[in-house]
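Chemist: This is the structure I want to talk about, given as structure tokens.
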Amino acid sequence: MKVLPQSAFGQTVLLIGVLLLVNQVVSYISIAIYILQPNAQQVNQLLAKQVKAVFIDIDDPVLRPAMAEAFHKETGIGVYRENVAMQLGLQHAIHYPFRSEEMSFLLGGPAEVRISQGDEYLFWIRPPQSPNWWVKIPLTGLEEENLYPLLVILAILGVVSVAGGWLFVRQLNRPLTALQNAAEEVGRGNFPEPLEEHGTTEVVSVTQAFNHMSKGILQLEDDRNLLMAGISHDLRTPLTRIRLASEMMSVEDEFLKEGIEGDIDDMNKIIDQFIDYIRHDTKDTIESSDLNELLKEVIQAEKTQDRVIDYEENKISLVPIRYIAIKRVMANLIQNALRYSDGKITVELSEKVKSNQVIITVVDEGPGIPEDEISRLFQPFTQGDIARGGEGSGLGLAIIKRIVDSHGGSVKLTNVTEGGLKATVTLPFKLN
């Protein structure tokens with residue numbers, strides 16, 4: 001399973017996202033190092049000076065209490081034993097190891113810093129000068145660093161940047177998407193209008209080359225159709241004269257007449273197959289059709305008195321198809337099943353909603369085909385093996401594949417375990 005995107009579009013968007021993520025991480029670390037950390041160090045230095053001021057030794061026993069009371073009144077700084085400090089909020093304060101290490105360095109001994117935030121923002125410091133006492137220092141205008149707004153801003157910038165990059169790359173790749181769709185159409189035998197040449201210089205060059213190639217292929221297709229039409233016309237004319245000549249043969253030569261007429265019919269059928277292979281109904285109108293009705297029409301036309309064609313109608317959605325072309329496909333498959341088998345023929349129609357596909361199967365009870373010969377049967381002028389006969393021009397399955405491919409579908413042959421051959425035609429609900 002491939003996790004990373006394989007398309008240039010996905011890889012470009014991923015690259016933009018990764019670069020943006022790295023940029024934001026570096027920005028966050030820079031803010032922490034050059035703004036937040038110096039700010040914390042300045043606060044610690046201020047607190048250390050105030051703690052040192054609290055423990056200034058005054059020799060006068062009368063002046064010392066007065067100075068302590070005035071200091072507490074003006075600054076709000078107090079010194080309490082641990083049990084009293086617990087009652088005043090120390091128990092709810094949070095220990096900060098980093099600040100404690102900084103304070104220990106500034107006060108010249110082991111110190112502990114705790115912070116509580118309620119109605120007041122309080123620093124609790126246990127100084128090395130008096131480990132059994134706690135100094136409470138209230139600070140106004142200072143709050144816990146709230147990084148949530150910064151993270152929100154970085155997230156918004158990231159989303160906006162990735163979305164902008166996605167729109168830019170999507171606009172850049174739009175000509176390539178049109179080129180891909182046009183190439184698929186040409187591969188199915190359809191020739192769209194020349195693509196509009198816009199985008200980057202590289203894309204314009206590729207589009208120009210594709211338009212030139214498509215025009216050349218269309219010209220070759222037209223020349224081939226003209227050549228085939230001329231050949232078929234030139235062949236049918238002498239065949240018609242031969243048929244007329246055979247009609248004038250005497251009664252004694254009746255057996256020769258029947259053989260000649262049979263050969264003429266075979267040659268006409270071969271010519272028709274050549275024309276069908278070249279044309280394959282690409283000019284037919286695509287319409288949403290009911291495959292149940294199509295299959296019933298084909299079965300009605302192909303069934304014989306001595307053969308059973310089993311088919312149960314299955315309610316499915318309408319499918320966009322070239323009606324005559326798909327009708328020729330099913331007629332050809334059923335004719336092959338009738339020709340190369342003796343038992344019952346089963347035709348089934350089913351729908352795969354999740355994959356947006358409709359599946360048609362034709363199963364006979366004949367001898368089947370060797371596995372190593374199945375793939376080559378779809379090549380033009382390839383006839384089936386001896387087990388399934390070798391008559392015709394070898395274009396039947398090639399015509400079927402050509403028509404199904406033009407619908408964006410697939411056709412395959414598989415041998416049935418119990419005996420027989422199964423032909424499976426898969427068509428999409430949406431014709432590209």
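Chemist: Along Cα→Cβ, 7 Å out, is where each label goes; now give me the distance between the ones at Leu220 and Val22 in nm to one decimal.
Modeler: About 4.6 nm separates the two model spin labels.
Chemist: List, in order, the whole-Hz ³J(HN,Hα) value for each residue of the range 361-373 obtained from phi through the Karplus relation with A = 6.51, B = -1.76, C = 1.60 and θ = phi - 60°; use x for Gly and Pro.
Modeler: 10, 10, 10, 10, 10, x, x, x, 9, x, 4, 6, 9
Chemist: Provide the solvent-accessible area of Ser289, counting protein heavy atoms only and rolling a 1.4 Å probe, rounded to the nearest 10 Å².
Modeler: Ignoring ligands and nucleic acids, Ser289 comes out at about 10 Å².
Chemist: What distance in nm separates the simple spin-label points at Ala32 and Thr240, each placed 7 Å from Cα in the Cβ direction?
Modeler: 9.1
Chemist: Using only the heavy atoms of the protein chains and a 1.4 Å probe, how would Tyr96, Tyr121, Tyr28 rank by accessible area, largest first?
Modeler: Tyr28, Tyr96, Tyr121
Chemist: Using 1/(1 + (r/R0)^6) with R0 = 25 angstrom and r between the beta carbons of Glu82 and Phe105, what's the FRET efficiency to the nearest 0.05? Provide the component values of the computation, followed by the final result.
Modeler: Numbers: r = 23 Å, r/R0 = 0.93.
For Glu82 and Phe105, the calculated efficiency is 0.60.
Chemist: Using R₀ = 51 Å, calculate the FRET efficiency as 1/(1 + (r/R₀)^6) where r is the Cβ-Cβ separation of Lys354 and Met267; round to 0.05.
Modeler: So the FRET efficiency works out to roughly 0.60.
Chemist: Quote the Stokes-Einstein diffusion coefficient, in whole µm² s⁻¹, for the range 285-354, based on the Kirkwood radius over alpha carbon pairs, a temperature of 37 °C and a viscosity of 0.692 mPa s. Mind dumping the intermediate values first?
Modeler: Values: Rh = 13.0 Å.
This corresponds to a translational diffusion coefficient of 253 µm²/s.
Chemist: Tell me, what is the FRET efficiency for Leu46 and Val159 to the nearest 0.05, using R0 = 41 angstrom and their Cβ-Cβ distance as r?
Modeler: E between Leu46 and Val159, to the nearest 0.05, is 0.55.
The values are calculated or read from the model by the stated rules, or taken from the named source; none is laboratory data. As the structure is a computational prediction, the values presented were derived from the model and not from experiment. Methodologically, a virtual Cβ is constructed for each residue, glycine included, from the backbone with ideal geometry; neighbour enumeration extends over all protein chains shown. These accessible areas exclude ligands, DNA and RNA; they are computed on the full protein's heavy atoms, side chains included. Shrake-Rupley method; radii C 1.70, N 1.55, O 1.52, S 1.80 Å.
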